[in-house]
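Notes to accompany the following structure.
The values are calculated or read from the model by the stated rules, or taken from the named source; none is laboratory data. None of the values given here were measured: they were computed from a predicted structure. Counting neighbours? That spans all protein chains shown, and the Cβs are built from the backbone with ideal geometry, glycine included. These area figures cover heavy atoms from the full protein model, side chains too; ligands, DNA and RNA do not enter into them. Shrake-Rupley method; radii C 1.70, N 1.55, O 1.52, S 1.80 Å.
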Amino acid sequence: MDNENIKKIKIFDTTLRDGEQSPGASMNTSEKLNLARQLARLGVDVIEAGFPVVSDGDFEAVKAIAQEIKGVEIAGLARANEKDIYRAYSAVKYSEKPVIHIFIATSDLHLKYKLKMSREGLYEKAVGMVRYAKSFIESVEFSAEDASRTDPDFLCKVIGGVIEAGATTVNIPDTVGYATPFEFFNFIKNIRDKIKGIENVTLSVHCHNDLGLAVANSLSAILAGAAQVECTVNGIGERAGNAALEEIVMALDVRKDIYNATTNINTTEIYRSSQLLTHITGVSVQPNKAIVGKNTFAHEAGIHQDGVLKEKTTYEIMTPERVGRQSNELVLGKHSGKHAFKEKLESLGYLLNDKEIEEAFVKFKALSDRKKEIYDEDIDSLIVKSHPFEKYELKYVNAVCGDTVTPLSMVKVMVDGELKHNSSCGNGPVDATINAIEKIVNSGAKVIGYEVKSIRGTTEAQGDVSVTIEGGGGAVNIMGRSAHTDIVVASAKAYINALNKLYIHNGNIKKSNQMDVCSNKL
Ligand code: KIV
Ligand code: ZN
C-alpha cells in the first residue's frame with residue numbers, strides 16, 4: 001500500500017433523503033435532527049437532509065439541520081427547475097456549508113417516456129439550471145439520473161456542460177441498480193478519461209442495490225477514480241436500497257491494500273448510527289447483515305469458536321470494537337444511581353440537559369422495577385422520543401386473554417387533559433386494546449402494519465412494538481413505536497404514539513413546537 005498517496009473518499013450520506021424514501025422509513029423533523037447529529041458524530045462529509053420542495057415538513061427538516069449541524073456540508077435535493085432550486089436554496093442557506101443538489105434523467109428511456117424531451121433540450125436545461133443554482137451558492141452538485149443506462153458519449157457531453165456552468169460535484173447514479181462492477185469501473189474510467197475539467201470537480205457515484213451490487217459497484221467506481229460515494233446507513237433506500245455506508249467504509253478500512261483509500265468516518269460510531277436509525281424508523285436489519293447485523297460477530301461453529309479463542313484473526317477480519325460494538329457492555333440495573341446512568345447516557349452519545357436527564361432517569365427507574373438488567377438497547381428505547389407534545393396519553397390498560405376466554409381490554413386515555421375510558425373485545429389482547437383506544441379517540445385511523453420484537457431476543461427483554469396507521473383518508477402512513485416488558489402495553493403506547501404523530505402531521509400544532517425534548521446534541 002502506498003501510504004503517501006492514499007486517497008480521501010468523501011462520504012455523502014443520503015439516509016435522510018433517498019433512505020427516507022424507503023417504505024416505513026419516514027421520519028419527522030425531530031427524528032431527522034437526532035439522526036443528523038449522529039451522522040455528524042459519525043464523520044460523514046455531506047448530509048443530504050431532504051428534498052425541500054416536496055413538503056413543508058421536508059423543508060423545515062432541511063432548514064433545522066442546516067441551522068444546527070456545523071462542520072458538515074448540508075445538501076438539499078432539487079429537480080432541474082427554478083422553483084425546486086430556489087426552495088432547496090432557501091432551506092440549505094442557513095448551513096455553514098450549503099449544497100444544492102440538482103438532478104435530471106439523461107437516459108433515452110427517461111427522456112422519451114418520462115420527460116418527453118429531446119437530448120438537446122435536456123442539455124440546455126441541465127446547464128441552465130446549474131447556472132441558475134450558481135447564482136445563489138458556490139457548491140452545486142449535478143446528478144445525471146439513470147446515468148448507467150445513458151449513452152456514454154451523450155453523458156460525457158452533459159457532464160462537460162454542467163462542469164463549464166460551474167457544477168462543483170458531478171454524480172453518476174446507477175439509479176435502478178443495473179450496473180455490474182467491472183462494467184461500472186469502465187464506465188467511470190471512461191468519464192474520467194474523456195471529460196475536460198473533470199479533475200477539477202468531485203466525481204461522485206450513487207448506486208442502488210437492485211441486484212445486490214450497490215457496494216461492489218461503488219467500490220469499483222473508487223478504483224476507477226471516483227472521489228465521493230453516496231450511501232445510506234444500513235443501506236436503506238428506494239426498493240432494494242442504496243449502497244450501505246458501513247459496508248463501503250469498512251471495505252476501504254479493512255482492504256486498504258486494495259483500495260489505497262480512506263474516509264473521515266469514525267468507524268467506532270458505525271454501530272450506534274445503525275442502531276439509532278433502527279430505533280427511529282423501526283426498520284430492523286437482517287441478522288446476517290454485514291458489519292451491523294446481530295450475528296455478524298457471533299461464532300457458532302465449534303471449529304470457528306476454537307480458532308477465535310486461540311487467535312481472533314483466524315475468523316475475524318475486523319474487531320467488533322472497530323465498528324463500535326462492545327464486547328464488555330456495562331449493564332445497568334435497579335441499584336444503579338444517577339451518576340452511572342448519566343455516564344451510560346454519555347457513552348451512548350446522548351448529551352442531555354439536567355431536566356432531560358431527570359425525566360429519562362424516572363423512566364429508567366420505572367423500567368428497572370420491572371426488569372432486572374437494563375441494556376444499551378433499553379436505554380435507547382427510553383431516550384428516543386419523537387415529540388414532547390402529546391394530545392393522547394395512555395393511563396391504564398388491562399387486557400384479559402387466554403385459550404378459553406374472549407380477549408377483552410379496558411383502557412383509560414387522557415385526551416387533552418380529560419380522562420376517558422372504554423373497553424372492547426378483539427381477536428386477541430392487542431386487537432382488543434387498539435379497538436378500545438379507538439372507541440375513545442375516534443380517529444378513524446386504520447392499522448396497516450404491526451410488528452413486535454424482543455429488544456434482545458429473549459423473553460425477559462422488552463417487547464419493541466411498531467404500529468403503522470393510515471390516516472387522513474389514506475393519504476399518509478405514520479408509524480408509532482414503543483417498548484415495554486408487557487407487549488400489550490407496548491402496543492397500546494405505540495398506537496397512541498402514532499395517533500399523536502398523526503395529529504401533529506395534520507398541522508394541529510405549530511412547527512416550532514416540533515423540536516425534541518430528548519435531544520442528543522453534539
Ligand atoms: O437514484 C438516483 O438517481 C437518485 C438521484 C436523485 C441522485 O437518487
Ligand atoms: Zn437514489
* Structure fact -> Scanning segment 1-55 for residues that are part of a helix (DSSP H, G or I) and of a type in the set (Ser, Thr, Tyr) gives Thr29, Ser30
* **Flag for Val201 being more than 14 Å from ligand 2 (Cβ to nearest atom) and over 23 Å from the mean Cα position of the chain (by Cα)** => yes
* Asked: Given the structure, is Thr29 within 24 Å of Tyr178 (Cα to Cα) and β-branched (Val, Ile, Thr)?
  -> no
* Asked: Give me the pairs: first residue in segment 133-147 and within 18 Å of Glu238 (Cβ to Cβ), second residue open to solvent by 30 Å² or more (accessible area, probe 1.4 Å) and within 12 Å of ligand 2 (Cβ to nearest atom), beta-carbon distance under 9 Å, and six or more apart or on different chains, which are they?
  -> Ser143/Phe103; Ala144/Phe103; Glu145/Phe103; Asp146/Val176
* Mind checking which pairs have a first residue in segment 229-252 that is closer than 22 Å to Ser143 by Cα and in a loop (DSSP other than H, G, I, E, B) and a second that is more than 16 Å from ligand 1 (Cβ to nearest atom) and among the hydroxyl-bearing types (Ser, Thr, Tyr), Cβ under 9 Å, 6 or more apart or different chains? -> Ile236/Thr281
* Any chance segment 18-38 includes a residue that's open to solvent by less than 10 Å² (accessible area, probe 1.4 Å), among the aliphatic types (A, V, I, L, M), within 16 Å of ligand 1 (Cβ to nearest atom) and under 21 Å from Ser90 (Cβ atoms)? -> no
* Only one of Ala165, Ala226 that is within 16 Å of ligand 2 (Cβ to nearest atom) and not polar (S, T, N, Q) -> Ala226
* Asked: Is it the case that some residue within segment 224-231 is more than 16 Å from ligand 1 (Cβ to nearest atom), modelled with pLDDT of 95 or more, in the same structural domain as Arg255 (by TED's automatic domain parsing) and aliphatic (A, V, I, L, M)?
  -> yes
* Scan segment 261-284 for residues that are open to solvent by 40 Å² or more (accessible area, probe 1.4 Å) and assigned to a loop (DSSP other than H, G, I, E, B) and jot them down. => Asn264, Asn266, Val283, Ser284
* Residue list for segment 164-202, filter: open to solvent by 20 Å² or more (accessible area, probe 1.4 Å) and among the hydroxyl-bearing types (Ser, Thr, Tyr) -> Thr168, Thr175, Tyr178, Thr180, Thr202
* **First in segment 104-115 and within 16 Å of Ile172 (Cα to Cα) and small (Gly, Ala, Ser), second anywhere and open to solvent by 10 Å² or more (accessible area, probe 1.4 Å) and outside any strand (DSSP E or B), Cβ under 7 Å, 6 or more apart** => Ala105/Lys114; Ala105/Leu115; Ser107/Arg149
* Asked: Just wondering, is there one or more residues in segment 458-467 that are β-branched (Val, Ile, Thr), farther than 19 Å from Ser409 by Cα, at pLDDT 85 or above and assigned to a loop (DSSP other than H, G, I, E, B)?
  -> yes
* Asked: Give me the pairs: first residue in segment 187-209 and within 21 Å of Ile11 (Cα to Cα) and part of a helix (DSSP H, G or I), second residue within 14 Å of ligand 1 (Cβ to nearest atom) and among the hydroxyl-bearing types (Ser, Thr, Tyr), beta-carbon distance under 8 Å, and six or more apart or on different chains, which are they?
  -> Phe187/Ser148
* To do: Might you check whether a residue that is within 13 Å of the chain's Cα centre (by Cα) and either within 16 Å of ligand 2 (Cβ to nearest atom) or under 17 Å from Ile478 (Cβ atoms) (or both) occurs anywhere in segment 1-11?
  => no
* Asked: If you check Leu111, Leu155, Leu115, which single one turns out to be away from ligand 2 (no atom under 16 Å from the Cβ) and under 22 Å from Ser204 (Cα atoms)?
  -> Leu155
* Residue list for segment 424-439, filter: surrounded by 18 or more Cβ atoms within 10 Å (Cβ to Cβ) and over 30 Å from Glu373 (Cα atoms) -> Ser424, Gly426, Ala432, Asn435, Ala436, Ile437, Glu438
* To do: Kindly indicate whether any position in segment 301-315 is in contact with a Phe, Trp or Tyr (Cβ under 7 Å, 6 or more places away or on another chain), outside any helix (DSSP H, G or I), farther than 28 Å from Ser482 by Cβ and open to solvent by 20 Å² or more (accessible area, probe 1.4 Å).
  => no
* Asked: Just one of the numbered conditions (1) in contact with a helix residue (DSSP H, G or I) (Cβ under 7 Å, 6 or more places away or on another chain); (2) within 16 Å of ligand 2 (Cβ to nearest atom) is not true of Leu277; which one?
  -> (2)
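Given the residues Ile258, Ile291, which is the only one that is open to solvent by 50 Å² or more (accessible area, probe 1.4 Å), more than 16 Å from ligand 2 (Cβ to nearest atom), within 26 Å of Phe12 (Cα to Cα) and at pLDDT 95 or above? Don't jump to the end; show me each part of the working.
Working: Ile291 fails: open to solvent by 50 Å² or more (accessible area, probe 1.4 Å).
When all the criteria are applied, what remains is Ile258.
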* To do: Being in contact (Cβ under 8 Å) with a residue 40 or more places away in the chain and at negative phi narrows it down to one of Val411, Val452, so name that one.
  => Val411
* Go through segment 149-172 and give me each residue that's in a strand (DSSP E or B) and touching a residue at least 40 places away in the same chain (Cβ under 8 Å). => Thr169, Asn171, Ile172
* Asked: Leu352 is checked against (1) within 31 Å of the chain's Cα centre (by Cα); (2) surrounded by fewer than 18 Cβ atoms within 10 Å (Cβ to Cβ); (3) hydrophobic (A, V, I, L, M, F, W, C) and fails just one. What number does that condition carry?
  -> (2)
* Kindly indicate which of Glu96, Glu138, Glu145 is more than 30 Å from Arg41 (Cβ to Cβ) and either in contact with a His (Cβ under 9 Å, 6 or more places away or on another chain) or assigned by TED's automatic domain parsing to the domain that holds Ala40 (or both). => Glu145
* Restricting segment 61-100 to residues that are hydroxyl-bearing (Ser, Thr, Tyr) and under 22 Å from Glu230 (Cβ atoms), the residue that is farthest from the chain's Cα centre (by Cα) -> Tyr89
